[in-house]
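The values are calculated or read from the model by the stated rules, or taken from the named source; none is laboratory data. Because the structure is predicted, anything quoted here is derived from the model rather than measured. Here the Cβ positions follow ideal geometry from the backbone for every residue, glycine too, while neighbour counts run over all protein chains shown. Just so you know, the surface numbers come from the protein's heavy atoms only, side chains and all, with ligands and any DNA or RNA stripped out. Shrake-Rupley method; radii C 1.70, N 1.55, O 1.52, S 1.80 Å.
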Amino acid sequence: MLVNLNEVLSYTKVKKFGVGMFNGLSADFYEGVIDAAEQLRCPIIIGVADRFVDRLDFEMIAEVMIFLAKRASVPVCVHLDHAKSLKNIMRAIKAGFTSVMFDGSSLQFEENIKRTKEIVEIAHSVGVSVEGELGVVGRGDFDFKNPEFYTKPNEAEEFAQKTNVDALAVSIGTVHGVYKGKPKLDFERLSEIRKRVDCYLVLHGGSGLSDEDFKKCIEYGINKVNIFTDLTLAVNAQLPEFIKQTEDLTPAIFEKIREIVKQEAIKKLKIFGSYNII
Ligand SMILES: [Zn+2]
């Protein structure tokens with residue numbers, strides 16, 4: 001069934017676990033993720049990253065995502081990740097998405113509040129949830145020594161209050177894509193943010209973290225964990241060998257992608273404690 005972000009994350013108030021948000025690229029990815037959630041009986045979020053909106057046929061893939069969400073036997077939220085413009089947010093809302101992220105993290109603090117608040121007002125008027133971001137979750141270039149990269153607990157409190165966002169992405173030392181070196185997360189900061197903020201908290205840049213890191217993040221207050229890179233790495237690692245071996249090439253490739261994504265999603269969801277919820 002299709003639900004919004006607020007509904008899908010509300011399960012974390014009953015039991016402590018992390019809801020998985022998996023970005024995808026095609027129907028096979030989304031089918032694989034939903035297969036995993038149905039097998040484990042947990043709520044799930046399927047997403048598409050804003051940087052792929054113009055590369056994919058967005059309206060077509062949106063129809064597919066919403067169809068799959070409605071058909072699923074578990075709650076599924078359909079989410080736009082890292083939107084930087086109102087234009088793409090409106091496209092997603094028009095297409096039937098139930099959740100959008102506005103990433104104003106590169107804006108000045110006051111400007112981020114102002115624009116996020118506007119988007120929350122529009123989205124909430126049609127039942128769509130909003131995720132905001134404070135701090136910088138970079139792409140392999142996180143400067144661990146620069147305090148400006150991290151989410152400041154006092155700013156998080158003010159941001160959540162003034163914007164009324166449903167969820168907030170925080171920067172505690174994670175990066176998008178593949179890590180250079182070992183990640184070092186600031187759990188003290190996370191727990192301080194958790195104390196000050198009522199809305200749900202989101203961890204970006206989850207691919208590449210250890211099982212222990214994930215568990216600790218959830219323990220310290222993360223409700224939603226974003227994964228994309230680890231799905232694509234699993235497909236990249238397993239598909240070429242499969243192609244060499246199979247004779248029934250074309251249909252089998254699509255089935256294989258669905259299966260690889262399913263298994264990788266199951267692996268992650270189990271770490272997040274995301275099973276036997278529904
Ligand atoms: Zn992200």
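The table that follows gives values for the structure above.
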| read-out | value |
| --- | --- |
| Share of Cα-Cα pairs in the range 23-154 lying beyond 24 Å, as whole percent | 36 |
| For the chain, calculated [θ]222 nm from helices alone, where every DSSP H run of n ≥ 4 adds -39500 (n - 2.57) | -15000 deg cm²/dmol |
| Spacing of the two label points (7 Å from each Cα toward its C-beta) at LYS244 and ARG41, in nm | 4.1 |
| Relative contact order %, the range 129-185, counting alpha carbon pairs below 8 Å whose residues are six or more apart | 48 |
| Whole-number percent relative contact order across the range 5-271, with pairs defined as alpha carbons under 8 Å at least 6 apart | 21 |
| Sequence of ASP211, ASP35, ASP54 from largest to smallest accessible area, 1.4 Å probe | ASP54, ASP211, ASP35 |
| Gain in span if fully extended, LYS180 to VAL14, counting 0.36 nm per residue against the direct Cα distance | 56.1 nm |
| Dipole in debye (nearest 20) - the chain, about Cα centre, beta carbon charges: Lys, Arg +1; Asp, Glu -1 | 480 |
| Semi-axis lengths (Å, descending) of the ellipsoid that matches the C-alpha gyration tensor of the range 167-278 | 33, 15, 10 |
| Convex hull per residue volume in Å³, alpha carbons only, for the chain | 122 |
| Sequence-distant residues sharing a close amide H with GLY47 (under 5 Å, placed H) | PHE22, ASN23, GLY24, HIS79 |
| Gain in span if fully extended, GLU110 to GLU155, counting 0.36 nm per residue against the direct Cα distance | 15.2 nm |
| Cα principal axis extents for the range 178-220, largest first, Å | 32, 16, 16 |
